[in-house]
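*Asks:* Mind looking over this structure? Questions follow.
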Amino acid sequence: MLGYGAESEPYFEKKIILDRGEKKGTYAIPKLVVTKAGTAIVVLQDRQGGDLAAHIDPVMIRSIDGGKTWSSRILLIPEDFPERNNFHFKPTGIVIDHLSGRILVFISRSPLVDRKGQPIQERWFYS
């Protein structure tokens with residue numbers, strides 16, 4: 001742990017808060033907000049195989065104790081969502097409406113395959 005002295009609380013601490021274990025893929029591009037009540041919410045991409053016709057799902061984790069503990073991953077697009085298996089779903093932003101307290105997560109969608117059924121690499125979607 002890194003701190004300012006033997007008596008002080010650590011300023012930075014290395015902590016793995018989401019682990020894929022043996023599963024292929026990675027978690028990427030996190031976005032963080034903290035609510036008025038102090039709940040930290042992170043939305044990120046669950047990249048299940050990278051960029052070649054494998055799912056990218058938006059997931060969320062949250063902490064209600066200042067980041068000491070975190071929830072398990074919460075899928076933001078239900079497993080039974082129509083045509084879920086045909087698209088990448090990527091969280092592109094998260095904001096809090098400070099008047100209402102509502103949390104808004106923006107999610108983009110891009111196809112996994114082209115009209116001929118060929119895998120679309122994610123980077124092609126942006127070019």
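What follows draws every value from the coordinates through simple rules; no lab data is involved. These numbers were taken from a predicted model, which means no experiment stands behind them. In this analysis, Cβ positions are derived from the backbone assuming ideal geometry, glycine residues included, and neighbour counts consider all displayed protein chains.
*Asks:* For a Förster distance of 22 Å, can you work out the FRET efficiency between the beta-carbons of Val34 and Arg84, rounded to the nearest 0.05?
*Replies:* Efficiency computed from Cβ-Cβ geometry: 0.15.
*Asks:* Please list, by residue number, everything in segment 67-93 whose backbone N is under 16 Å from a paramagnetic label point 7 Å out along Cα→Cβ of Ile17.
*Replies:* Answer for segment 67-93: 67-75.
*Asks:* Using the scaling law 2.2 N^0.38 Å as the reference, what is the normalised Cα Rg of segment 81-123? Let's see the in-between values first.
*Replies:* On the way: Rg = 14.7 Å, N = 43, 2.2 N^0.38 = 9.2 Å.
Normalised Rg, Cα atoms only: 1.61.
*Asks:* To continue, here is another question. Thr92's amide H: which non-local residues (gap 5+, or another chain) put their own amide H closer than 5 Å, with H modeled 1.01 Å from N in plane and none for Pro or chain starts?
*Replies:* Under 5 Å from the amide H of Thr92 lie the amide H atoms of Phe106, Ile107, Ser108, each far enough along the sequence or on another chain.
*Asks:* I've got another one for you. I need the Debye-formula profile for segment 13-127: one equal scatterer per C-alpha, no solvent, reported as log10 I(q)/I(0) at q = 0.16, 0.24 1/Å, two decimals.
*Replies:* Log10 I(q)/I(0), no solvent term: -0.80, -1.40.
*Asks:* Around Ile120, which amide H atoms from residues at least 5 apart in sequence, or from another chain, sit under 5 Å from its own amide H, with H modelled in the peptide plane?
*Replies:* Ala53, Val113, Asp114
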